[in-house]
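Notes follow once the structure below has been shown.
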């Protein structure tokens, strides 16, 4: 179990892996042996959008990513907003596009990052202007989009299947020699 927590945020005692009875049985978690604090390490909700723009799928490339991978618009939910409000905000912040219609594609686990992805199909309009965290975008015909075998890639695959396309999966995306379009 990896985590950023090493010390109790309440009393500064080093956390330890301690097994304790919980609903459903014994569970090993990082706990404070001094005050009883438990680090739950629950998955973080992440919002994702399959942005349909001018009849194509908009995929963007993050400035921090290696290689030349393009992916869905994603972001974290803010306190006090619904998932729908959050993804419309993320789309506007990252692409400057307005959302005309929004439909849930599905909910997907992304255990490598300890996240739960809530994916939407968003029909958008406007003029694309990328945020500083994105360096490029491309528009793809749905049948040309390739999916990676995790998280948002499964959302894209479900989206494509629902529209009559047979999704093509590629090797994991964080390789420098990987194909250029992916989710």
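The values are calculated or read from the model by the stated rules, or taken from the named source; none is laboratory data. Quantities reported herein were computed from a predicted structural model and do not represent experimental measurements. Every residue, glycine as well, gets a Cβ built from its backbone with ideal geometry; the counts of neighbours run over all protein chains shown.
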**Residue check for residue 129: in contact with a helix residue (DSSP H, G or I) (Cβ under 8 Å, 6 or more places away or on another chain), under 24 Å from residue 86 (Cβ atoms), in the same structural domain as residue 53 (by TED's automatic domain parsing) and exposed (fewer than 13 other Cβ atoms within 10 Å of the Cβ)** = yes
**Message:** Please count how many residues of segment 44-62 are exposed (fewer than 14 other Cβ atoms within 10 Å of the Cβ) and over 20 Å from residue 86 (Cβ atoms).
**Reply:** 2
**Request:** Considering only residues that are under 22 Å from residue 115 (Cα atoms) and not in a strand (DSSP E or B), look in segment 25-41 and name the one that is nearest to the chain's Cα centre (by Cα).
**Result:** 41
**Request:** Tally the residues that are over 14 Å from residue 47 (Cβ atoms), outside any helix (DSSP H, G or I) and under 14 Å from the mean Cα position of the chain (by Cα), restricting the search to segment 86-141.
**Result:** 2
**Asked** Given the structure, is residue 65 within 17 Å of the chain's Cα centre (by Cα), buried (at least 22 other Cβ atoms within 10 Å of the Cβ) and more than 20 Å from residue 44 (Cα to Cα)?
**Response** no
**Message:** With the structure loaded, tell me whether residue 85 is more than 22 Å from residue 52 (Cα to Cα), modelled with pLDDT of 95 or more and surrounded by 13 or more Cβ atoms within 10 Å (Cβ to Cβ) or whether it fails that test.
**Reply:** no
